[in-house]
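Read through the structure below, which is laid out as structure tokens, and then see the notes.
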Amino acid sequence: MKILVIGGGGREHAIVRKLKESPRVEALYCAPGNGGISCDAQCISVGAMDQEGVKDLVRKEKIDFVFVAPDDPLAAGMVDALEAEGIPCFGPNARAAQIESSKVFSKNLMKKYGIPTAGYEVFEQPEKAFGYIKAQGKYPVVIKADGLALGKGVVIAQTEAEAEKALHSIMEDKIFGASGNRVVVEEFLTGPEVSVLAFTDGNAMKPMVSSKDHKRAYDGDKGPNTGGMGTISPNPYYTEEMARRCMEEIFLPTMKAMNAEGRKFKGCLYFGLMLTPQGPKVIEYNSRFGDPETQVVLPRLKTDLAEIITAVAEERLSELEICWSQQACACVVMASGGYPGSYPKGLEIFGLNAQGQAEGVVVYHAGTKLENGKFYTNGGRVLGITAMGETVEEALAKAYEGVAKISFEGAMYRKDIGKIR
Ligand code: AMP
Ligand code: GLY
């Protein structure tokens with residue numbers, strides 16, 4: 001098979017490296033990819049949102065299968081465009097991808113089908129939203145922009161003034177553009193968070209091993225939300241009993257709900273869960289692999305990923321047995337100084353070999369470029385330093401040993417990945 005992976009971050013690097021292990025894969029392409037990915041796949045400078053460019057590339061290189069990894073091309077219909085040309089894909093079509101691209105859609109879906117989630121109301125006018133929040137008088141209160149916002153569209157307001165400010169910037173200043181035309185105002189939940197990714201073809205649902213993301217920028221879960229600063233797998237709070245409950249109360253009901261709505265979901269469905277005192281509840285759905293969850297989940301996958309994605313596309317997932325390593329995995333993200341705010345680019349990265357790797361770890365490149373044999377920073381999240389171990393602690397110790405060998409000016413990373421709830 002000749003496979004094209006769409007995207008260019010750490011998640012895509014982890015996908016490419018796992019596909020590279022498959023005996024079925026004859027050639028691997030990535031559009032647009034990045035410096036590190038170019039050591040494992042042929043990177044082509046076609047943007048992830050460029051449907052015409054991707055179609056041309058598929059024809060020119062005679063690509064057999066396309067793996068669409070990021071949320072925005074999925075929401076914009078990349079899979080619809082490719083399938084219309086007869087090209088098989090991994091990933092949901094635009095109608096199914098709405099489970100992530102519209103929070104109003106996903107909240108209404110959960111309410112209609114009795115899937116446990118935080119109580120909420122939807123508003124189109126900031127005054128109405130603010131009036132509701134004031135009348136409730138319960139803080140913190142959670143305010144979410146309806147559409148995609150690079151993982152930054154959620155505000156947890158501690159006071160009336162913070163809520164007013166958030167509504168103003170989302171709905172009037174439109175800091176997330178049209179994504180802020182509507183907001184969801186949601187009850188604040190508490191409890192450990194768990195990420196579960198699942199393969200599904202609309203008929204079968206096969207959850208992967210669990211993981212835990214660390215979304216805040218600084219140690220002690222302080223600072224602004226980011227795309228994710230590090231992950232561990234498995235998530236220590238996700239017991240077998242909890243997995244059984246989630247399958248029954250959340251995963252299968254979600255698949256059935258999407259089918260009943262005529263939005264069969266095929267691809268990777270991501271469940272962002274909170275284990276509240278009242279039981280597991282859905283915080284969010286994503287229509288794709290998480291980043292950096294993928295970087296700790298896929299290394300534990302023993303079954304051929306190319307076989308799985310083909311089975312999903314052909315709706316034969318129920319026939320497959322998917323096997324996982326018992327080992328744990330940890331990923332520590334090294335980010336540019338200033339991230340998630342503004343940051344410099346083009347700084348040389350030290351401590352990587354010619355393949356962009358370092359001893360004892362796997363380095364997934366998120367935002368790098370390769371020029372004349374040297375790697376340079378080229379994004380907010382730069383690298384994900386990843387290691388496996390018998391326990392999460394052992395995996396973390398190895399990952400941090402790797403981090404100590406790699407440097408660039410202003411590099412920022414959290415020192416408490418896996419050590420905090
Ligand atoms: P999201 O982008 O929807 O994953 O939200 C980002 C983060 O906000 C989540 O990982 C949670 O930590 C937090 N969050 C979202 N919704 C709620 C809620 N209803 N109650 C408490 N925390 C929440
Ligand atoms: N790490 C969370 C996400 O991919 O949205």
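The values are calculated or read from the model by the stated rules, or taken from the named source; none is laboratory data. Predicted model, so just to flag it, every value in this text is computed and none were measured. Glycine gets a Cβ as well: all are built from the backbone with ideal geometry, and neighbour counts include every protein chain shown.
Quick check: anything in region 103-116 in a strand (DSSP E or B), within 16 Å of ligand 1 (Cβ to nearest atom) and farther than 24 Å from residue 168 by Cβ? If you could, list the steps in order and put the result at the bottom.
Step one: filter region 103-116 for residues in a strand (DSSP E or B), giving none.
The answer is no, given that none of the residues of region 103-116 is in a strand (DSSP E or B), within 16 Å of ligand 1 (Cβ to nearest atom) and farther than 24 Å from residue 168 by Cβ.
Pick out the one residue from 151, 114, 91 that is within 16 Å of ligand 2 (Cβ to nearest atom) and at pLDDT 95 or above. Break it down stepwise before answering.
On the way: 151 fails: at pLDDT 95 or above; 114 fails: within 16 Å of ligand 2 (Cβ to nearest atom).
Selected residue: 91, the only one of 151, 114, 91 that is within 16 Å of ligand 2 (Cβ to nearest atom) and at pLDDT 95 or above.
Quick one: is residue 170 in a helix (DSSP H, G or I), within 22 Å of residue 228 (Cα to Cα) and in contact with a helix residue (DSSP H, G or I) (Cβ under 9 Å, 6 or more places away or on another chain)?
Numbers: in a helix (DSSP H, G or I): yes; within 22 Å of residue 228 (Cα to Cα): yes; in contact with a helix residue (DSSP H, G or I) (Cβ under 9 Å, 6 or more places away or on another chain): yes.
Criteria met by residue 170.
Hey, can you tell me all the residues within region 216-241 that are within 13 Å of ligand 2 (Cβ to nearest atom) and over 18 Å from residue 386 (Cβ atoms)?
Residues satisfying the conditions are 216, 225.
Against the definition (in contact with a Lys or Arg (Cβ under 9 Å, 6 or more places away or on another chain), among the hydrophobic types (A, V, I, L, M, F, W, C) and surrounded by fewer than 22 Cβ atoms within 10 Å (Cβ to Cβ)), how does residue 301 come out, yes or no?
Numbers: in contact with a Lys or Arg (Cβ under 9 Å, 6 or more places away or on another chain): yes; among the hydrophobic types (A, V, I, L, M, F, W, C): yes; surrounded by fewer than 22 Cβ atoms within 10 Å (Cβ to Cβ): yes.
Judged against the criteria, residue 301 is a match.
So which of 100, 121 ends up being under 22 Å from residue 73 (Cα atoms) and either within 16 Å of ligand 2 (Cβ to nearest atom) or assigned to a strand (DSSP E or B) (or both)? Working first, answer last.
Working: 121 fails: under 22 Å from residue 73 (Cα atoms).
Testing whether each residue is under 22 Å from residue 73 (Cα atoms) and either within 16 Å of ligand 2 (Cβ to nearest atom) or assigned to a strand (DSSP E or B) (or both) leaves just 100.
Give the residues of region 382-404 that are buried (at least 24 other Cβ atoms within 10 Å of the Cβ) and part of a strand (DSSP E or B), sorted by residue number.
382, 383, 384, 385, 386, 387
Looking only at region 239-290, filter to residues that are among the acidic types (Asp, Glu) and crowded, with 16+ Cβ neighbours inside 10 Å; which one of those is nearest to ligand 1 (Cβ to nearest atom)?
Once the filter is applied, the top-ranked residue is 284.
Contact list please: Cβ distance under 6 Å, first residue in region 308-328 and touching a residue at least 24 places away in the same chain (Cβ under 8 Å), second residue among the hydroxyl-bearing types (Ser, Thr, Tyr), pairs at least six apart or on different chains.
If the second residue must be among the hydroxyl-bearing types (Ser, Thr, Tyr), the pairs left are 322/303; 328/391.
Of these, 311, 330, 358, which one is surrounded by 14 or more Cβ atoms within 10 Å (Cβ to Cβ), assigned to a strand (DSSP E or B) and at pLDDT 95 or above?
Exactly one residue qualifies, and that residue is 330.
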